[in-house]
Amino acid sequence: MEELAGLTQSLGELRETFKSGKTRGVEWRKAQLRAILKLVEENEDKIFDALQQDLGKHPVESYRDEVGIVKKSASNSLESVQKWMAPKKGHLPLLLFPATAEVLPEPLGLVLILSSWNFPISLSLDPVIGAISAGNTVVLKPSELAPACSSFLANTIPHYLDSQAIKVIEGGIDAAEQLLQQKWDKIFFTGSPQVGRVIMSAAAKHLTPVTLELGGKCPTILDSLPDSDLEVAIKRIAGGKWGPCSGQACIGIDYILVEQKFASILVELLKKCIKKFYGESMENLKNLCRIVNKHHFNRVCNLLEDPSVSASIVHGGSWDEENLMIEPTILLDPPLDADIMTEEIFGPLLPIITLNKIEESIEFINSRPKPLAIYAFTKNERFKQKLLSETSSGSITFNDAMIQFLCDVLPFGGVGRSGFGRYHGKYSFDTFSHEKAVLHRNFYFELEPRYPPWNNFKLDF
Ligand code: NAD
């Protein structure tokens, strides 16, 4: 395989930079974080253009899900990095007196970040912010499936960030494979569980730690609600399903669980919301992203091909192949063994699964791989507690969808098949740091019984 142009030299340079100690200083870290802020502020229009080209994202959506996220994350890190870097004192047992203990965060070294195409700016820059805050050198490989954003990052980052410490390498699977053959101090991957396995086996060769931000099917439970709350819930469900990248979102709503008796009202309310937010029909769709490429377009359309699945469509179901648009589509009780209910949908199709009792949702979720996110719209505190204690997921959000992504105080990451490791805010800093245990002793007070000979010593506890 032909080597990526200058890869060995680039990695050598990044290792030298790390060795020099330059990236460890707080001022360097802050300067890079300020530079990221400047980069997004000065290039907002270019970012909107690139996202429009790659995904047809509306500028408001691009600001909300990409530019705004990066600005918030960089500002938060800028404000907090010095505090995060400080060693934390630990309390020691009297037995160890006199001594002091501290936990000292240290950078890992050279880290690789492989990102996904659905939020190609924020899912690239957000981990970079974490890696820089923690004092590492970085290689970022954006996804080849969002080529305008990938080339924007590759062309712009060198003008703002320290090129001796942060490099962007563009390319597809070949490039990823070559990068994975190298020795890294950490690999941070955002993508599918299938490729997650490839990443882990490559990392095993050098015992490289990995963070895997993967996907899966995120269920939404809709309990019985008073009318006014139901109205809000429906807006949040519609916004959470079709709003971010037309359903091409790892924490997007995959399907809804609802009691049978509420299904028809749910369908009617969702239809109204779709009409208001995204347009009445295929011909006048608005505010909706397109599917990223032909392959994914066919993949999503094929989920509807099975006659028993298409028979369950209660709204939508049409598409425009030329423009890679798929109408927001609702399905009522498609077969549970069909691909649409066994694979991550990652598109604008929304199955509704009816249950006799809403409590059955717990068993439904537990009989499937652990989700990245669960959403539950309910006012029943007992049911909330049951969900908390009896289900497992990367996150659980009550009475809203998707916005947990914005909460820097919450760790973002999966569990089980939806991945492991976490980031955002301080968690990003921790993900890219090693917490070194430091014990300081002096030379007073020797406890002689710790040393042999113990011949005449009796344990008398
Ligand atoms: P993907 O796994 O196909 O690709 C992700 C990255 O891996 C890309 O950079 C790609 O170049 C590289 N890659 C692809 N095949 C490879 C191979 N064989 N060897 C080495 N590298 C390879 O995922 P995707 O299509 O970009 O994204 C969709 C998936 O990502 C969904 O499952 C979604 O849920 C998940 N996702 C998760 C998060 C999260 O934060 N948890 C965010 C976005 C997307």
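The values are calculated or read from the model by the stated rules, or taken from the named source; none is laboratory data. As the structure is a computational prediction, the values presented were derived from the model and not from experiment. Every residue, glycine as well, gets a Cβ built from its backbone with ideal geometry; the counts of neighbours run over all protein chains shown.
Tabulated data for the structure shown
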quantity	calculated
In region 254-267, residue surrounded by the fewest Cβ atoms within 10 Å (Cβ to Cβ) [restricted to those that are closer than 9 Å to Thr220 by Cβ and of a type outside the set (A, V, I, L, M, F, W, C)]	Tyr255
Gly240 more than 14 Å from the ligand (Cβ to nearest atom) and crowded, with 17+ Cβ neighbours inside 10 Å	yes
All positions within region 406-461 that are more than 16 Å from Thr190 (Cα to Cα) and among the polar types (S, T, N, Q)	Ser433, Asn442, Asn455, Asn456
Helices (runs of 4 or more DSSP H) contained entirely in region 41-90, each with at least 3 residues that are more than 25 Å from Leu288 (Cβ to Cβ) and under 22 Å from the mean Cα position of the chain (by Cα)	68-85
Close pairs (8 angstrom Cβ cut-off, 6 or more residues apart or separate chains): more than 15 Å from Leu214 (Cβ to Cβ) and buried (at least 16 other Cβ atoms within 10 Å of the Cβ) in region 360-371, modelled with pLDDT under 95 and hydrophobic (A, V, I, L, M, F, W, C) anywhere	none
Residue check, Leu285 at pLDDT 95 or above, away from the ligand (no atom under 16 Å from the Cβ), over 19 Å from Tyr375 (Cβ atoms) and more than 17 Å from the chain's Cα centre (by Cα)	no
Set Ile251, Ile234: member being surrounded by 13 or more Cβ atoms within 10 Å (Cβ to Cβ), of a type in the set (Val, Ile, Thr), within 16 Å of the ligand (Cβ to nearest atom) and within 24 Å of Arg64 (Cα to Cα)	Ile251
Some residue of region 171-193 being within 28 Å of Gly25 (Cβ to Cβ), assigned to a helix (DSSP H, G or I) and either in contact (Cβ under 8 Å) with a residue 40 or more places away in the chain or near the ligand (Cβ under 9 Å from one of its atoms) (or both)	yes
Lone unmet requirement of (1) surrounded by fewer than 23 Cβ atoms within 10 Å (Cβ to Cβ); (2) in contact (Cβ under 8 Å) with a residue 60 or more places away in the chain; (3) closer than 26 Å to Lys379 by Cα; (4) not aliphatic (A, V, I, L, M) for Gly414	(1)
Total residues in region 244-277, condition of a type outside the set (A, V, I, L, M, F, W, C), touching a Leu at 6+ places or on another chain (Cβ under 9 Å), touching a residue at least 40 places away in the same chain (Cβ under 8 Å) and under 18 Å from Ile352 (Cβ atoms)	5
Single condition Leu112 does not satisfy, out of (1) within 16 Å of the ligand (Cβ to nearest atom); (2) surrounded by 18 or more Cβ atoms within 10 Å (Cβ to Cβ); (3) not in a strand (DSSP E or B)	(3)
Checklist (1) touching a residue at least 12 places away in the same chain (Cβ under 8 Å); (2) over 16 Å from Leu214 (Cα atoms); (3) polar (S, T, N, Q) applied to Asn118, failing item	(2)
Those residues of region 288-324 which are under 27 Å from the mean Cα position of the chain (by Cα), charged (D, E, K, R) and surrounded by fewer than 18 Cβ atoms within 10 Å (Cβ to Cβ), in sequence order	Lys294, Arg299
Flag for Asp339 being surrounded by fewer than 18 Cβ atoms within 10 Å (Cβ to Cβ), within 15 Å of the ligand (Cβ to nearest atom) and within 26 Å of Leu55 (Cα to Cα)	yes
Residue in region 134-150 that is nearest to the chain's Cα centre (by Cα), counting only those that are more than 9 Å from the ligand (Cβ to nearest atom) and surrounded by fewer than 24 Cβ atoms within 10 Å (Cβ to Cβ)	Val139
Hits in region 376-414 (condition: in a helix (DSSP H, G or I) and of a type in the set (Asp, Glu))	Glu381, Glu390
Restricting region 384-398 to residues that are polar (S, T, N, Q) and surrounded by fewer than 16 Cβ atoms within 10 Å (Cβ to Cβ), the residue that is farthest from the ligand (Cβ to nearest atom)	Gln385
